[in-house]
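K.L.:
This is the structure I want to talk about, given as structure tokens.
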């Protein structure tokens, strides 16, 4: 019998020190097993076949065991992504828990090596990709799929959902040591959102040419310089916050898609109805090298995302409902229309976004139309409504309300889409007078067959002037700045809906401060593939934390509503209700205890009058 060939030379290691390492609770193990099993039997079968785990000598640590071990690390306070933590969690399992997941006893001095080897095999398989399912239900599986799958499997099915997402990016520094001091930003996104994207692309082309000419750094396959030992990390630019100042960093950019409430807009600029409040779960995430093109990373995932029906768990390959609206900031909206807003609109997804200063400039596209803030307006609009200042961060509530009211007043002068888009993405537009929102004061000058609203504003036109040149047809690229639902930028409705984008910061806060420390010390693993792998488990833990916070808040909703009612009554000047007396409280507790005993008591056979009543009822039947 031939001797077994080792993969590498034997390594002498000290056994893992389990001092202070606790045994996972039953609830924690249940959660980890549930998440792993939710990936589906087809996924596990394909993964086992991909890493050839079902051939040759039986492995002591299976792929399923390693996935469970990585999920258990998310229960540690200020957890870090390290193979040592996974090995310690698996070694700390009790005999019953090991039997439950099919894990034999592991030698303490070999646990780390076996976890390391199996983790690398899983990462390699996911990085190369494979398919699950058969026939028309074949689904490709890769690391991006794995990240989204674990995040969605951690969302409880009984909690409310929505079809609206807020998108934002955050930084993740690499742990790699620097190999060059000539660090310069040459990413695809301008550092200033008011800058011109084309000018920025010309500038970064010069920067890369200078670096390549001087042989100051090595370049990767994406034609971008490598500044650290982490060959996938790139130079990026981040804004200032409470953790760091704005400026250059080397690492990765994490794009998050977070669930926010839906919105219903009826066409009135000062009115919008927000839907049911929903927990801010992370439903999609994309990790890219810093400075990479954001739209190429985010848009395909948003288009492919499916929202399961209420009460239905997410399952691989299952169909659902596509997204309705996406809310993102200027860091995304200033980029190429075709790869961003255009692709989402073609897929039936509306976009709510903020405008950069250069996007507010006037465009002379049609003689009788003024394009202001990306929207066609009537040429008869008053001058004081044309160049409106945007609300600033330092404005008082009164100043902000006054500026928003001006945008609301201007909205009645807008052109309105007339019918659906024609071939070649051309749409017809009708002026506010022909739409009936405005009316010419001179009845003789009014057009025939125009239905005027009862509350239409009367407008005096110059003598000989008409309201418009008729229904106009505009190419789609003339209205690139059109918002979802036909909302106008700067109005009350747009301010309310776009304000929901701030909810994505809650997820950022959990990743960087409240739950984990997503910085250069979070993991020592380098490379995009390995970081995507550990990110998947972190997002599952974050969604679990969000679900726990939501359920805790809902349990206190009744008390909150009582206090809110009392507060509103106090504002109206009504006398405060007297607190219940001790006798009333005692009677309440007695009734609640009686109902509880009655609910838990076992049913008994009827006696006495109950038997008589039962016989009478039976005879009547």
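We did not get these values from a lab; they are worked out from the coordinates using the rules stated. Quick caveat, the model's predicted, so the values are computed rather than measured. Glycine also receives a Cβ, built like all others from the backbone with ideal geometry; neighbour counts cover every protein chain displayed.
K.L.:
Would you work out the relative contact order for the chain, in percent, from Cα pairs under 8 angstrom that are 6 or more residues apart?
P.N.:
Relative contact order for the chain comes out at 16 percent.
K.L.:
Taking 0.36 nm per intervening residue step and subtracting the Cα-Cα distance, what contour gain separates residue 212 from residue 95 on full extension?
P.N.:
Here the segment from residue 212 to residue 95 would lengthen by 36.3 nm.
K.L.:
Show me the ranking of peptides 561-569, 217-225 by mean Cβ neighbours inside 10 Å, starting with the highest.
P.N.:
Listed from highest to lowest mean packing, they are 217-225, 561-569.
K.L.:
For the chain, what does the helix formula give at 222 nm: sum of -39500 (n - 2.57) over DSSP H segments with n ≥ 4, over the residue count, nearest 500 deg cm²/dmol?
P.N.:
So the calculated ellipticity at 222 nm is -11000 deg cm²/dmol.
K.L.:
Residue 552 to residue 109: extension gain in nm, 0.36 nm per residue of separation minus the Cα-Cα distance?
P.N.:
That works out to 155.3 nm of additional length.
K.L.:
Taking the alpha-carbon set of the range 358-480, what are its Rg and Dmax in Å?
P.N.:
Cα-based Rg and Dmax for the range 358-480 come out at 15.8, 49 Å.
K.L.:
Taking square-rooted eigenvalues a ≥ b ≥ c of the alpha carbon gyration tensor, is the range 236-362 rounded, prolate or oblate, where a/c under 1.5 means rounded and, failing that, a/b exceeding b/c means prolate?
P.N.:
oblate
K.L.:
So if we plug the beta-carbon distance of residue 244 and residue 589 into 1/(1 + (r/R0)^6) with R0 = 60 Å, what FRET efficiency do we get, rounded to 0.05?
P.N.:
Rounded to the nearest 0.05, the efficiency is 0.65.
K.L.:
Same structure, new question: I want to check the label-to-label distance for residue 21 and residue 571. Put each point 7 Å from Cα in the C-beta direction and report it in nm to one decimal.
P.N.:
Placing both labels 7 Å along Cα→Cβ, they lie 5.5 nm apart.
K.L.:
Can you tell me, using C-alpha contacts under 8 Å and at least 6 residues apart, the relative contact order of the range 358-480 as a whole percent?
P.N.:
22
K.L.:
For the range 319-400, rounded, prolate or oblate, judged on the Cα gyration tensor with a ≥ b ≥ c (square roots of eigenvalues), a/c < 1.5 rounded, else prolate if a/b > b/c?
P.N.:
Oblate is the answer for the range 319-400, as a/c is 1.5 or above yet b/c matches or exceeds a/b.
K.L.:
Any idea what the alpha-carbon Rg over 2.2 N^0.38 Å comes to for the range 75-156?
P.N.:
Taking the Cα Rg and dividing by 2.2 N^0.38 Å, one obtains 1.35.
K.L.:
For a footprinting-style exposure proxy, rank 511, 137, 461 by other Cβ within 10 Å, fewest first.
P.N.:
So the residues, fewest neighbours to most, are 137, 461, 511.
K.L.:
I would also like to ask the following. Figure the gain on full extension for residue 318 and residue 560 (residue separation times 0.36 nm, minus the Cα-Cα span) and round it to one decimal in nm.
P.N.:
83.3 nm
K.L.:
Taking the range 73-213, how much of its Cα-Cα pair set, in percent, is spaced more than 21 angstrom apart?
P.N.:
Summing the P(r) tail past 21 Å for the range 73-213 gives 71 percent.
K.L.:
Run through the DSSP bridge list for the range 358-480 and note the antiparallel percent, rounded to the nearest 5.
P.N.:
80
K.L.:
List 485, 43, 130, 353 from most exposed to least, where exposure is judged by having the fewest other Cβ atoms within 10 Å.
P.N.:
Going from sparsest to densest Cβ surroundings: 130, 485, 43, 353.
K.L.:
With a/c under 1.5 counting as rounded, go ahead and sort the range 26-141 into rounded, prolate or oblate using the C-alpha gyration tensor (a ≥ b ≥ c being the square roots of the eigenvalues; past the cut-off, prolate if a/b is larger than b/c, else oblate).
P.N.:
prolate
K.L.:
Need one number: nm distance between label points at residue 520 and residue 545, each 7 Å from Cα along Cα→Cβ, rounded to one decimal.
P.N.:
2.3
K.L.:
Could I ask something else about it? In whole Å, largest first, what are the principal axis extents of the Cα atoms in the chain?
P.N.:
That works out to 104, 100, 53 Å along the principal axes.
K.L.:
Right, another one. Can you tell me the FRET efficiency between residue 116 and residue 264 if r is taken as the Cβ-Cβ distance and R0 is 56 Å, rounded to the nearest 0.05?
P.N.:
For R0 = 56 Å, the calculated efficiency reads 0.60.
K.L.:
Now for a separate question. Counting other beta carbons within 10 Å of each Cβ, put 442, 198 in order, fewest first.
P.N.:
Least crowded to most crowded, the residues run 198, 442.
K.L.:
OK, next. Going highest first, how would you order 392-400, 301-309, 63-71, 175-183 by mean Cβ packing within 10 Å?
P.N.:
63-71, 301-309, 175-183, 392-400
K.L.:
Let me ask something additional. Simple spin-label model, 7 Å along Cα-to-Cβ: residue 400 to residue 179 in nm?
P.N.:
4.8
K.L.:
Another question about this same structure. Suppose R0 equals 30 Å; then what is the FRET efficiency for residue 296 and residue 191 from their Cβ-Cβ distance, rounded to the nearest 0.05?
P.N.:
So the FRET efficiency works out to roughly 0.95.
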